[in-house]
Amino acid sequence: MSQPQSPGLPTITLGGGCFWCTEAVFDSVRGITDVESGYCNGAVVRPRYEQVCTGSTGHAEVVRLTFDPAVIGLRDILEIFFATHDPTTLNRQGNDVGTQYRSGIYFEDPAHSEVANDLIREISQDKLLGASITTEVQPLHNYWPAEDYHQDYYAKNPLQGYCAYVVGPKVVKFRKTFARFLKDE
């Protein structure tokens, strides 16, 4: 669950479709000190969910992660990211369709761009996903936190339909595949 921002620690912002899914996965990752759902890289200042849902603002639904590099590295975070969403389908994750659901890595530190692009090249060369990666790697701009009711959505609403049938299976997949990164609970 979201915790207060950790000053001095790096951040990376990831778009993996619906932010409820991505947030639920990274809430369980050891070394992630804060997870915040939000919107980025669109044209509207301080966008609202209803605006972003139209697909006309240019924003992506994202999670902004603050992490402790002494506990987890950016490459590990990105490996989890690529394994828990479909980075090969442009502007779509399952039934969620639109530019707001695009796969993206949004960085503030240019070194994070290098790590992301190196991993994408490696995955592409090894043909690990069977299709081309559509994930965009861009500098972060115009980030705005999502409304309060979106924060920790899965933790607060695990039995809600979308959470039970879409978010829950992603969390289970993460827990099985990346058990070594689970937070002690």
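The values are calculated or read from the model by the stated rules, or taken from the named source; none is laboratory data. Everything numeric here is computed off the predicted structure, so don't read it as measured data. Ideal geometry is used to build each Cβ from the backbone, glycine not excepted, and the neighbour counts take in all protein chains shown.
For D76, work out the one condition from (1) among the charged types (D, E, K, R); (2) touching a Pro at 6+ places or on another chain (Cβ under 9 Å); (3) crowded, with 16+ Cβ neighbours inside 10 Å it doesn't fulfil.
Of (1) among the charged types (D, E, K, R); (2) touching a Pro at 6+ places or on another chain (Cβ under 9 Å); (3) crowded, with 16+ Cβ neighbours inside 10 Å, only one is false for D76: (2).
Being touching a Ser or Thr at 6+ places or on another chain (Cβ under 7 Å) and among the hydrophobic types (A, V, I, L, M, F, W, C) is the filter here, so list the residues in region 86-106 that pass it.
Passing the criteria: L90, I105.
Can you tell me how many residues in region 43-68 are closer than 13 Å to R102 by Cα, surrounded by 21 or more Cβ atoms within 10 Å (Cβ to Cβ) and not charged (D, E, K, R)?
Here the count works out to 5.
How many residues does region 170-184 contain that are closer than 17 Å to I72 by Cβ and surrounded by 12 or more Cβ atoms within 10 Å (Cβ to Cβ)?
Residues of region 170-184 closer than 17 Å to I72 by Cβ: 174-175, 177-184.
Those left that are additionally surrounded by 12 or more Cβ atoms within 10 Å (Cβ to Cβ): 174-175, 177-178, 181-182.
Residues meeting the conditions: 6.
A quick yes/no check of all residues on (1) modelled with pLDDT of 90 or more; (2) crowded, with 16+ Cβ neighbours inside 10 Å:
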{"position": "T99", "(1), (2)": "yes, yes"}
{"position": "S103", "(1), (2)": "yes, yes"}
{"position": "N117", "(1), (2)": "yes, no"}
{"position": "A131", "(1), (2)": "no, no"}
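All but one of (1) within 15 Å of N142 (Cβ to Cβ); (2) over 9 Å from the mean Cα position of the chain (by Cα); (3) modelled with pLDDT of 95 or more hold for S56; state the number of the condition that does not hold.
Failed condition: (3).
Determine whether P87 is under 26 Å from T177 (Cα atoms), surrounded by 16 or more Cβ atoms within 10 Å (Cβ to Cβ) and modelled with pLDDT under 95. Even if it seems obvious, please write down each step before you answer.
Details: under 26 Å from T177 (Cα atoms): yes; surrounded by 16 or more Cβ atoms within 10 Å (Cβ to Cβ): yes; modelled with pLDDT under 95: yes.
It is true that P87 is under 26 Å from T177 (Cα atoms), surrounded by 16 or more Cβ atoms within 10 Å (Cβ to Cβ) and modelled with pLDDT under 95.
Hey, could you check region 1-18 for residues that are at pLDDT below 95 and in contact with a helix residue (DSSP H, G or I) (Cβ under 7 Å, 6 or more places away or on another chain) and say which is surrounded by the fewest Cβ atoms within 10 Å (Cβ to Cβ)?
Restricting attention to region 1-18, the residues satisfying the condition of being at pLDDT below 95 are 1-8, 16-18.
Narrowing further to those that are in contact with a helix residue (DSSP H, G or I) (Cβ under 7 Å, 6 or more places away or on another chain): 1, 16-18.
Values: M1: 13, G16: 29, G17: 27, C18: 24.
Per the stated criteria, the residue is M1.
Within region 120-153, can you find the residues that are part of a helix (DSSP H, G or I) and more than 15 Å from the chain's Cα centre (by Cα)? Spell out how you get there, then give the answer.
Narrowing region 120-153 to residues part of a helix (DSSP H, G or I): 120-125, 148-150, 153.
Hits for region 120-153 are I120, R121, E122, I123, S124, Q125, D148, Y149.
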